[in-house]
1. Of all the accessible heavy-atom surface of the chain, with the other protein chains kept in place and a 1.4 Å probe, what percent is carbon and sulfur?
2. So what's the back-of-envelope 222 nm ellipticity for the chain, counting only DSSP H runs of four-plus at -39500 (n - 2.57) apiece and dividing by all residues, rounded to 500?
3. Between V3 and S32, how high is the FRET efficiency from 1/(1 + (r/R0)^6) when r is the Cβ-Cβ distance and R₀ = 30 Å? Nearest 0.05.
4. For labels at A69 and A96 in the simple 7 Å Cα→Cβ model, what's the distance in nm?
5. Can you tell me the accessible area per residue over the chain, all protein chains present, probe 1.4 angstrom, in square angstrom?
6. Modelled label-to-label distance, R17 and N60, 7 Å Cα→beta-carbon offset: nm?
7. Identify which of the listed values of Cα extents along the principal axes in Å was calculated from the structure shown: (1) 54, 27, 21; (2) 74, 20, 18; (3) 40, 32, 23.
8. GluC sites (Glu not before Pro), restricted to the range 43-91: which are DSSP loop and have at most 16 other Cβ atoms within 10 Å?
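The values are calculated or read from the model by the stated rules, or taken from the named source; none is laboratory data. Only a predicted model underlies this, so the values are computations on that prediction, with no experimental measurement involved. Positions of Cβ are backbone-derived with ideal geometry, glycine not excepted, and every protein chain shown enters the neighbour counts. Only protein heavy atoms, including side chains, enter the accessible area calculation; ligands, DNA and RNA are left aside. Shrake-Rupley method; radii C 1.70, N 1.55, O 1.52, S 1.80 Å.
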Amino acid sequence: MWVTAEEEARLVARAERERVTVPNLLMSSALSESSDSPTERRAIAAELMALHNLLARSSNNINQLARQANATGEFPAEASHALRHIRSVAMRIDDAIDGLM
């Protein structure tokens with residue numbers, strides 16, 4: 001593929017911003033069904049991993065509260081805070097999914 005010196009400079013600059021090679025940039029752009037850049041895809045993946053970890057920690061907290069409730073027969077006071085937190089995580093997940101569409 002032939003490009004002008006200006007086009008090559010723009011490709012090199014964008015590849016550097018995206019932290020990929022020029023061939024990788026061209027291939028991912030050509031084969032992508034969306035217009036997301038590699039940097040945007042990495043950011044989305046990072047956000048989804050953060051949400052995954054947050055959900056895992058939150059689930060552990062909910063399990064501990066459930067064990068306490070089952071052992072004592074009383075609903076722990078901390079449970080309402082934990083449920084609000086779970087709702088906020090769910091909203092972040094919804095927002096992340098909306099960002100993918």
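1. Carbon and sulfur together cover 58 percent of it.
2. Mean residue ellipticity, 222 nm, calculated: -28000 deg cm²/dmol.
3. Here the calculated transfer efficiency is 0.95.
4. 2.5
5. 77
6. 3.9
7. (2)
8. For GluC sites (Glu not before Pro) across the range 43-91 that sit outside H, G, I, E and B with at most 16 neighbouring Cβ atoms in 10 Å, the list reads E74.
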